[in-house]
1. How many Å² of accessible area per residue for the chain, probe 1.4 Å?
2. List the equivalent ellipsoid semi-axes of the range 232-296 in whole Å, largest first, each obtained as the square root of 5λ for an eigenvalue λ of the Cα gyration tensor.
3. Can you list the lysines whose alpha carbon sits under 25 Å from that of K34, skipping same-chain ones fewer than 8 residues off?
4. Per DSSP helix of 4 or more residues, -39500 (n - 2.57); summed, then divided by the residues of the chain. What does that give at 222 nm, rounded to the nearest 500?
5. Looking only at Cα atoms, what is the convex hull volume of the chain per residue, in Å³?
6. Which is the longest part of the chain that has none of the GluC sites (Glu not before Pro) sitting in a DSSP loop with at most 16 other Cβ atoms within 10 Å?
7. With θ set to phi - 60°, apply the Karplus curve 6.51 cos²θ - 1.76 cosθ + 1.60 along the range 55-71 and write out the HN-Hα couplings as whole Hz, x wherever there is a Gly or Pro.
8. How much space per residue, in cubic angstrom, does the convex hull of the C-alpha atoms of the range 109-258 take up?
Amino acid sequence: MDLRDLKYFVALAEAGSTRRAAERVHRSQPALAKAIDRLEASLEAQLFERDGRGQRLSAAGVALLARAMPLIAAADAVRHDIGALGRGTAGVVRLGSGPLGAEYLLPRICGLMLAEAPDVQLQLTIRMNYELRDSLRDGTLDLVLGFVPEQEDEFACDTLLEDTVVAVAARGHPVFAQRRVRLETLGRYRWALPNAAVASRVWLDNAFAAHGLPPPVAQIETNSIPLVPQVIAHTELLSFVSRRTLRASGGLLQEIPLAATTLVRKFGLTYPKARVPSPAAARLVALLHAHGRSLFEGQDVPERRSSGAAGDIGT
């Protein structure tokens, strides 16, 4: 049974004449008659009976009409849903992000995504980057938004921009009274840092080790980016954060200008090499390429979109 023939049958049943039905479906009367003949042959039943100059449904036709409407509606829904999946306007995207990316980038990107594709379902996981990579391996995430390594053999990486991580302290901290700040100077203070497995923390520990110094002492460990400025604002703790966090601190924090504690790293997407992103995931990637930098820098996004920022300590 051909679905198009079924639609022509419904048109004829509702119109009551071949001429009116043909006009409704924009087909010739002979083409419509052939469609009804095919349908009757496939069902082995007569669907219409003569009624003067018109036609009326037979008992089989009445039964078919009752069943045809739900079938056609279901088929239209399937066509719409599958088409939406193919266009990337529907489907599920499983996205992982580090805490800073979640704080500054995801709210804006999610808003843009849902404005373009309101039927897409976003499943967001906020963890540290090394934990998110485990989820990529086991297939429970499609993409990870965060900082990508300089060399990557296991996953594919798509760089969106660069970010700089620096040592910071509360404005007015005693370290700024030093005539010349050295790495060993920073080692005299305690720190608020991400945990020891996070890549930025590893980099900082290695920077101290490269100068023959013990690693910084972490008195507070946290993966909550908004917490850092508040935690160290009225203490002598130091921290190691993105300049994006520094700018967002509202003047509570000040950068400690030291080349030895300045990390330039790449921010972008990580995904499995062998897995092709779904159309919905590809749409999200396109939005990140189009607006990620302006969001990261805190600039206005064109048209109806408002400002935001992006970053990530979770690496």
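The values are calculated or read from the model by the stated rules, or taken from the named source; none is laboratory data. It should be emphasised that the depicted structure is a prediction, and the values quoted were computed from it without experimental measurement. We place every Cβ from the backbone using ideal geometry, glycine too, and count neighbours over all the protein chains shown. Keep in mind that these areas ignore ligands, DNA and RNA; they rest on the heavy atoms of the full protein, side chains included. Shrake-Rupley method; radii C 1.70, N 1.55, O 1.52, S 1.80 Å.
1. Ligands and nucleic acids excluded, the figure is 50 Å² per residue.
2. Equivalent ellipsoid of the range 232-296: 34, 14, 10 Å, largest first.
3. K7
4. The per-residue figure over the chain is -13500 deg cm²/dmol.
5. Hull volume over Cα atoms, normalised by residue count, gives 170 Å³.
6. Answer from the scan: 45-149.
7. With the stated coefficients, the range 55-71 comes to 9, 10, 5, 7, 4, 5, x, 4, 5, 5, 4, 5, 8, 6, 4, x, 5 Hz.
8. It is 139 Å³ per residue.
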